[in-house]
Structures are given as C-alpha cells and as structure tokens.
1. Identify, from the list B:Ala57, B:Ala105, the residue that is assigned to a helix (DSSP H, G or I), open to solvent by less than 20 Å² (accessible area, probe 1.4 Å), in contact (Cβ under 8 Å) with a residue 24 or more places away in the chain and within 14 Å of chain A (Cβ to nearest Cβ).
2. Taking into account only those residues within the stretch A:3-44 that are closer than 16 Å to A:Ile79 by Cα and within 14 Å of chain B (Cβ to nearest Cβ), which is nearest to the chain's Cα centre (by Cα)?
3. Restrict the check to the stretch B:219-240 and report whether at least one residue is free of Cβ contacts under 8 Å to residues at least 60 places away in the same chain and either of a type in the set (Phe, Trp, Tyr) or in contact with a helix residue (DSSP H, G or I) (Cβ under 6 Å, 6 or more places away or on another chain) (or both).
4. Do any helices (runs of 4 or more DSSP H) lying entirely in the stretch A:15-131 carry at least 2 residues that are more than 25 Å from B:Phe38 (Cβ to Cβ), and which ones are they?
5. Just one of (1) surrounded by fewer than 19 Cβ atoms within 10 Å (Cβ to Cβ); (2) within 14 Å of another protein chain (Cβ to nearest Cβ) trips up B:Trp175, so point out which.
6. In the set B:Phe21, B:Phe33, B:Phe39, which member is under 17 Å from the mean Cα position of the chain (by Cα), open to solvent by less than 50 Å² (accessible area, probe 1.4 Å), within 14 Å of another protein chain (Cβ to nearest Cβ) and not charged (D, E, K, R)?
7. Filter the stretch A:166-200 down to residues that are free of Cβ contacts under 8 Å to residues at least 12 places away in the same chain and within 17 Å of A:Asn81 (Cβ to Cβ), then give me how many there are.
8. Looking only at the stretch B:60-86, how many residues end up being open to solvent by 10 Å² or more (accessible area, probe 1.4 Å) and among the aliphatic types (A, V, I, L, M)?
Amino acid sequence: MSPALRVFFVGGRISYRALFNWISPGMYITTMLGSPLFQILFFTYLGRYAGGQSDDFFIVGNAVQVSAMAGIYGMVMGIANERQFGTLSPLLATPANRLAVFAGRGLPFIVNGLAVSTFGFLSAWALLDFSPDPSVLPALAVVVTITVVSCTALGALIGSIGLRARDVFFAANLVYFLMLLFCGVNIDVSDLPGWMEAVGRAIPLTHGIEAAREIVAGAALGDVAGLLATEAAIGGAYAVAAYGLFRLFEAEGRRRASLETY
Amino acid sequence: MARLLAIGWLFHLKNLTNSLFFVLISVLQPIIFATIAFFMFRSGDRPGGLLYAALGAGLMGIWSSTLFGSGGAIQWQRWQGTLEVIVAAPARFLWVMLPLTVSTASIGLYSIVATLFWGRVFFGVPLSFEHPWLFALALPITVLSLGLLGLVLASTFVLYRQASAFSNLLEYPIWLVTGLLVPLSLLPGWVEPLSWVLAPTWGMEAVRNAALGGEVWPGIGMCVLLGAIYLALGAVFMNNFERLARQRATLSLT
C-alpha cells in the first residue's frame, strides 16, 4: 500500500477512533441512531397533522437528511478537534500527503452516515408502515450514497473553517438545522419562497432528497440521473472548496504561527 | 434565601444569555422549527394553525434549553472548578442549584418571544389571545415547572458521564410525547399516560388554551402540582448526590 493510501485508510480510522475519547461507543451509537429515529417519527406525525403530503414524503426526506448528522458533525470534529485537542501542529508537521489526511477523515463518516440512513428507513418500515417496492432499494442505496458523500463534503467545509473560527460547532449546529428548512426535507422546495429555494438548490442534500423521493415513487435510476449529477457536482464543489480552505488555513497558520491559537 | 434565589437566577440568566450555544437553542432553533411548521401548516390543511405552531415551537425551545442547561448543570460547575465552592458554601446545595435550573428554563422565554415575533412579522400570525392575563400567568408557571423538572434532570444526569449525549437523545421524544406541536390524539394510546407526568404537557395546554381559548386552570394546576413533586424529588436526589460525593471524595472527579 502506498504511503498516501495508508494515510487515507489508517489515518481516517485513527481519526474516527479518536472521537471516542469523549463519548463511549455505546452512547455514540445510541445517539446516532436514537436521535434520527425520533426525528423521523416527529416530522412524520407532524406531517400527518399538517396534512398535504403523504407519510413517505416525510420519511424519505428525514431518513436521507439524518445521514448528514454523521457527515457534518463528524467531519467538523474530525478536522476542527485537531486544533482544539492540540494535535494539529504535530499532524501538519508530518510530510504526509495532505489530500490523503483530509479525505481519509471523510470515509468513516460516509459509512457512518449510510448506516444511520439505513437504520432510519428500517425504523420507518417497522414503525410507520413505510414499504417501498423492494426493486427500488438498489437505486435508493445509490442515491443515498451520493447524498451522504455530498453532505460529508459540506461537513468538511465547515470543519476547515474550524481551523480558523472560534466556535465552529455553533456553525455546524446551525447548518444542520437550516438543512431541515432549506433542503426540502419537510417542505417541498417549490413551496418555499424563491430565494429560499435558490439557497436550497445550491447546497448538498436537496437534489438527493428529490431523487430519493422519485425512486421510492417508482422512478428508475436513469430518470433521476440529472438530479444525481447535480447533487454530485454540488458535493464536488464543496469538497474542492473545503480542501482549498484547509490548505489556505494551514499556510496562514504557519505564516502567522497561529495554528492552535484562538 | 429569597435573595440567594433571585441573585442566583439573575446571574445564571445573564451567564447563559452570553452563550452562543444557548442563543442557538433558545432563539435560532425555535425560529427554524416554527418556520418549518408555518410552511407545513400553510401548504397542508391547517393554514389557520400558525399561532398554534408559534406557541408549540416556543415551548420546544424552553424544553431544549432546560434539557441541555439543567442536564449538564452539575457537570459544568465541575468542569469550571466551582462545584467544590458551591458545596462548601453555607447555603444548601439545593438552593444554589435551583436558580440555575430555573434560569435554564427562563431563557427559553426568548423562544416564545422569538417565535411569536417571527410569526407576526414574516407570516402574519394573529397575536390576539383569548385570555391575555391567564396567558401572562400560565407562561411563568410553565417556565417554573420546567425549571423544577430541570432540578431532577440535573441531579440524575450527573450520574452519567455522557449526559450531553443523553440530552441529545431526549430532545425529540419529549417534544413528541408532550404534544408541543403534534396533538397527543395522533400518537399511540400508550403515550398519553407518559405525557401526564411531564410538566411541558400541562404547560403547553395552559398556554395554548389561554391563547386560543379553552380551560386554562387545569393546566396551571397540574404544573404547580408537578413542580412541587419535582422539587421534592430534586431535593432528595441533590442531597443524595452531595452526601455520596462527600463520602467518596468524588466531587471534582468527572
């Protein structure tokens, strides 16, 4: 295995394990699964009360959105915690390939996000009579995977900002909640005012959720290829911006000797 | 003692107001949830339910600030190194902690103000209350009862090292089972008995009925009754925590 690949896989795994210095695996799993479960229940029941949309609309929207929890909070912790815990300087003093250091951190959270989303769909099947045609499941898996990767790129961008900002967890929390409003999770984006729809269409998740809803309704993967390409392109743009900021703040931190100052 | 409670409450209220995290959960988060509910009600079959949504989202904010603020109250004092000083003070530990937990519920009042203001300005929510004086009475009593529930949370969550993660887990379920936005009649029958022992259920009923019409006093009465029970339970748990921590010399250990 080349050094860069080793940094990508082993570094990513170690970074993920470092999460558990403040939370036990048991509690992490409970939080990662429990909170999304109740979010799906909450909005599905609220949707029933509000009327206007079917249960599937809220189930799919929220089951896809909860995958962002791992992508956003995880990536923010994976990058910004290096600074908070005082390990950023030693990390950046190594000659390791920066792209491998950066991208490796995302892989465990992508897997994590997929697991959370899968659990969300399974819970909805068990508790809310969500029963899509089994033939759509492979296509749904593709859609969710692309969306999770895209959301992880957004998390990486916020995490990179955390190399400079003082309270990046505030931003992470705010972005996570705003996604519920702007990304068509519980409200069709076409029902939002024009500027909100425009914002929603420029961030990860929105097109992924639209594609997932169409797949569950019976569309083929080819029918949502445009939505998926847009979701992937948006995710790619955020990933490039995140890596650019990571390198910029690294260079700035070195120049001003301010890597770990607040 | 009244002076201790009043000054403690004001001090913690100012302290929490300076926290970005509490600004997020007591102002921004309720506004976001209220906006979601406004859009859902508007595009669904309940365009007239906007005041209902604003009040529900506001109470959701009060619960969140109580849950996160009170759940981690003792742990925070411990991290800041002030727990030993508080326990060593001549005043009873209970009376020092009570204003802190009540203040965590009190900053939730920002939520109600924020969601009503937001709803009025951006969604034209009508702010005409059926019983304005009872609304003015029901709101502080609801906040006080949640603050007393916070005392129970503070004294029990301290037993768990991962109280903050546990708090995350309890946010949505309590929003759901206390009927803050979703009527309890839509939920499975076994949920209702659970809701009876939780002050937010009765507080919401009192506040909502004061605003939209209906019986207010039963909700207020239940908040007072449950508040008294929470205070008694909190006193027992707090004394137990203090006694064990002194005996085992674990006060400053996380």
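The values are calculated or read from the model by the stated rules, or taken from the named source; none is laboratory data. Everything numeric in this text was worked out from a predicted model, so none of it was measured. No Cβ is skipped: glycine too gets one built from the backbone with ideal geometry, and neighbour counts run over all protein chains shown. All accessible areas refer to the heavy atoms of the entire protein, side chains included, with ligands and DNA or RNA removed. Shrake-Rupley method; radii C 1.70, N 1.55, O 1.52, S 1.80 Å.
1. On the way: B:Ala105 fails: within 14 Å of chain A (Cβ to nearest Cβ).
Unique residue meeting the criteria: B:Ala57.
2. Step one: of the stretch A:3-44, the residues closer than 16 Å to A:Ile79 by Cα are A:7-22.
Narrowing further to those that are within 14 Å of chain B (Cβ to nearest Cβ): A:19-22.
Working: A:Leu19: 16, A:Phe20: 19, A:Asn21: 22, A:Trp22: 21 Å.
Filtering first and then ranking leaves A:Leu19.
3. Taking every residue of the stretch B:219-240 in turn, at least one turns out to be free of Cβ contacts under 8 Å to residues at least 60 places away in the same chain and either of a type in the set (Phe, Trp, Tyr) or in contact with a helix residue (DSSP H, G or I) (Cβ under 6 Å, 6 or more places away or on another chain) (or both).
4. Working: elements: A:25-50, A:55-65, A:75-84, A:88-93, A:98-104, A:106-127.
Correct list: A:25-50, A:75-84, A:88-93, A:98-104, A:106-127.
5. Result: B:Trp175 fails condition (1) only.
6. Values: B:Phe21 fails: open to solvent by less than 50 Å² (accessible area, probe 1.4 Å); B:Phe39 fails: under 17 Å from the mean Cα position of the chain (by Cα).
Answer to the check: B:Phe33.
7. The number of residues fulfilling the criteria is 3.
8. 2
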